[in-house]
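The values are calculated or read from the model by the stated rules, or taken from the named source; none is laboratory data. Just so it is clear, the structure is predicted and the values come from calculations on it, not from any experiment. Heads up, the Cβs are rebuilt from the backbone with ideal geometry, glycines too, and the neighbour counts pull from every protein chain shown.
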Amino acid sequence: MKLLVVEDEQKLAQYLQKGLGTAGFVVDLAHDGVTGLHMSLEFDYAAIILDSMLPGMDGLSLLAALRTKKQTPVLMLTALGKVEDRVNGLQTGADDYLVKPFAFSELIARIQVLLRRSAPPQQETPSNRLSLHDLEMDLARRKVSRNGQRIDLSAKEFLLLSLFLRKQGEVLSRTEIAEQVWDMNFDSNTNVVEVAIKRLRAKMDTPFDLQLLHTVRGMGYVLEKRE
Ligand code: CA
């Protein structure tokens, strides 16, 4: 994901570029307002980190010019105590601001909030949902229910059930399950799979009329609706 940092203090700009790079972002730098505006109009950035005090064109003017054309999320950097800067910034169309000096972790957290806010809402695609009979799993919201009744699963149980739902009707061996869910080379002496299946059944099968998760003796387990 690409960010633009508009900051005239070279050391800070390089520090931000390096730190944000480590956090997984690709960062372009502009050291003055005019270059910053040109780049922000020319390229599509996920977000812009904009210093308010810049040579050539200050941050607010850049922001005002940008907002006539684009709604790229902008995080303004302001000097300590300058309340007016912040108010003006927000009125001009900044999405958030951070007072210098700031903790790097706070910068990252705020960028992530900006990116989440500007991300298009996730579509309800069929692949987000898995189901069998009255058992439903919402992968995006990490929710499971049966007959409309919420079932709380641990992370491993959720993963295990999603595997069964994806491969419903197929017999899965203990080795296959262990590899998919625990990411380990299966040691046949452990009973980790049996224990997890037992717990899962107690939550999603036992309290209900129809059993969906079946043991296939000597082979493994299968999730299916049997009449
Ligand atoms: Ca500055």
task: Any residue in the stretch 68-89 that's at pLDDT 85 or above and more than 16 Å from the ligand (Cβ to nearest atom): show its pairings with residues that are of a type in the set (Asp, Glu) and not in a helix (DSSP H, G or I) at Cβ separation under 7 Å, as long as the two are six or more apart or on different chains.
output: PRO73/ASP95
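Regarding the stretch 23-31, can at least one residue be identified that is in the same structural domain as ASN88 (by TED's automatic domain parsing) and part of a helix (DSSP H, G or I)?
We begin by selecting, within the stretch 23-31, every residue in the same structural domain as ASN88 (by TED's automatic domain parsing); these are 23-31.
Restricting the remaining residues to those that are part of a helix (DSSP H, G or I) gives none.
So far as the stretch 23-31 goes, no, none of its residues is in the same structural domain as ASN88 (by TED's automatic domain parsing) and part of a helix (DSSP H, G or I).
Is the stretch 74-94 home to any residue that is within 20 Å of the chain's Cα centre (by Cα) and assigned to a loop (DSSP other than H, G, I, E, B)?
Within the stretch 74-94, not a single residue is within 20 Å of the chain's Cα centre (by Cα) and assigned to a loop (DSSP other than H, G, I, E, B).
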- prompt: How do the pairs read when you match residues in the stretch 8-29 that are more than 16 Å from the ligand (Cβ to nearest atom) and of a type outside the set (Phe, Trp, Tyr) with residues anywhere that are modelled with pLDDT under 90 and in a loop (DSSP other than H, G, I, E, B), using Cβ under 8 Å and keeping only pairs 6 or more apart or on different chains?
  reply: GLY24/MET1; VAL26/MET1
field: Filter result (in contact with an Asp or Glu (Cβ under 6 Å, 6 or more places away or on another chain) and outside any loop (DSSP other than H, G, I, E, B)) within the stretch 206-227
entry: LEU213
Identity of the residue in the stretch 35-56, assigned to a loop (DSSP other than H, G, I, E, B) and within 16 Å of the ligand (Cβ to nearest atom), that ends up surrounded by the fewest Cβ atoms within 10 Å (Cβ to Cβ): PRO55
message: Can you tell me which residue is farthest from GLY36 (Cα to Cα) among those in the stretch 95-106 that are charged (D, E, K, R) and either more than 25 Å from the chain's Cα centre (by Cα) or outside any strand (DSSP E or B) (or both)?
response: GLU106
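Look at the stretch 57-67 and say how many of its residues are within 16 Å of the ligand (Cβ to nearest atom) and not in a loop (DSSP other than H, G, I, E, B).
Adding up the residues that qualify gives 5.
Select, from ARG129, ARG116, ARG67, ARG110, the only residue that is within 30 Å of LYS167 (Cα to Cα) and under 29 Å from the mean Cα position of the chain (by Cα).
Numbers: ARG116 fails: within 30 Å of LYS167 (Cα to Cα); ARG67 fails: within 30 Å of LYS167 (Cα to Cα); ARG110 fails: within 30 Å of LYS167 (Cα to Cα).
Within the list ARG129, ARG116, ARG67, ARG110, the selection yields ARG129.
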